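Every number in this text was worked out from the coordinates using simple rules, so none of it is lab data. All values reported here derive from a predicted model rather than from experimental measurement. Please note: Cβ atoms are built from the backbone with ideal geometry, for glycine as well, and neighbour counts cover all protein chains shown.
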Amino acid sequence: MKKVENLQYLLFVKILKIKMIKKNIIKIKFLKRLFIKFKLFIFLLRLLFTKQKKIRFLLFDTLHLKQFFDQDNWQDILVNHPKNKPISNLKNISNETALLIPGRLRCWEKSKELIYSIAEKNKVFIMTDNSDKKIINDINHKNIVAINIDNSIYKESHNKIPNLVLSQFFKLKCVINEIYKFEKLNSFFFKNFIKIRTDFYYYNSENLMNMTRENNENYLFSQSDLHFSGRREFFLPLKNFYEFAEWSYLNDFHNLKYMPVNPTQIINSDPGSTRFAWLKFPKKIVETLDTRPSSEYLHQKINKNYEDALKYKYDEKDEFKLTGAADYPPTEQSFASYLNLLGVPCKTHLKFLGFIMNNPDKQKMKIEWGNQYRSEMENLRKKDN
């Protein structure tokens, strides 16, 4: 009899526990629903008191889910197939900086995690062409402005470029135009700018958007024409670089015996920041006829003979150190010459350490660009003769 009573008691206790659990579950569900309704109410209030042009951004904020990806290990770097590490610590990143990617989105699968992580706190402006049509169509982020130049107002002018190697600089000009439009539309001005490439592996990708040096030093930070960053007064003059590069290309300027060089810009710049060692100098100033001396060597000689370099006047009897790229469209040399004549001092930055990732297609394109250039320059010289 006692056993039966004990069993009944235990059964009764279990039933009570089950009822209590059910009540708690109902309460939790009720609270969850209440919380969801409260969040929806707050969201609707935000929409109610928000300007129309920002409503779309708020909607995307709600729907956007940030993805986290595994980082590659050191073995991936050794085989030259890395992925740029996404920036995980966004506390020190400011939305005062715009990221520019003018040109082909090569190695996009290896770099998109980095680009998307940067876009969490910064505006990203991309200008590419039909070659990246699929990638452009797949990009869906509130802070990424991706433009296909072949479907834009710039298409006709882009098709008239004399050599495809100049395309990236025409796209740089166009993407800066789009930034101006964005600033005017939003009554907002970016303080800093950085231009990068998607086919470059950045060892210090976590510091790419750290603008401490840019904010405190009066330089353009660069590694030739690969990537560069700076405050707007140092960066935005590059909008007009395409016209200079096209003019130099069409007139075969880099094969002239001599073009003026600003020695002050060179001694105020870091060796390696641009290809100023590929410019033309009188032998009596740089003490060599080597077409590609090291930047350190040339920097040292300009420092040593600065007064003579500053006062130098062209004499056709003088010997000259010639260019470092006689048979290829001189983009890096033109970039160095443009900044040199503008007097923009350039510095190197640890954030740009890295290497170009494997890209067999680019090597093939380089050969095509080189062949086209040699053919055009040969025809140009025949006309001159």
Exercise for the section: Can you tell me which of 269-280, 308-319 comes out highest on packing, and rank the rest after it, using the mean Cβ neighbours within 10 Å? Expected result: 269-280, 308-319
Practice task
Could you let me know the centre-to-centre spacing of the stretch 145-187 and the stretch 206-262, using Cα atoms, in angstrom?
Solution key: 17 Å
Practice task
Report the net charge of residues surrounding F320, where surrounding means a beta-carbon distance below 9 angstrom and charges are Lys +1, Arg +1, Asp -1, Glu -1.
Solution key: +2
Fill in the blank from the handout: Ordered by number, the GluC sites (Glu not before Pro) in the stretch 203-279 that occupy a DSSP loop and have at most 16 other Cβ atoms within 10 Å are E217
Problem - Loop trypsin sites (Lys or Arg not before Pro), the stretch 149-243 (other Cβ atoms within 10 Å of the site Cβ: 16 or fewer; DSSP) - result: K160, K191
Practice task
Could you go through the stretch 148-158 in sequence order and give the Karplus-derived ³J(HN,Hα) for each residue, using 6.51 cos²θ - 1.76 cosθ + 1.60 with θ = phi - 60°, rounded to whole Hz, and x for Gly and Pro?
Solution key: 8, 4, 6, 10, 10, 5, 8, 4, 4, 5, 5
Exercise for the section: Kindly write out, for the stretch 165-170 in residue order, the coupling ³J(HN,Hα) from the Karplus curve 6.51 cos²θ - 1.76 cosθ + 1.60 (θ = phi - 60°), rounded to whole Hz, with x marking Gly and Pro. Expected result: 4, 8, 4, 4, 7, 5
Practice task
May I ask for the distance between the Cα centers of the stretch 101-130 and the stretch 266-335, given as a whole number of Å?
Solution key: 35 Å
Handout entry: Exposure proxy ranking, count of Cβ atoms within 10 Å, fewest first, for T291, T212
Key = T212, T291
Fill in the blank from the handout: With a 31 Å threshold on alpha-carbon distance, the violating pairs from K37/K134; K110/K142; K133/K195; K110/K301; K112/K321; K110/K239 are K37/K134; K110/K301; K112/K321
Handout entry: Taking only Cα atoms of the stretch 74-210, radius of gyration then Dmax in Å
Key = 15.2, 47
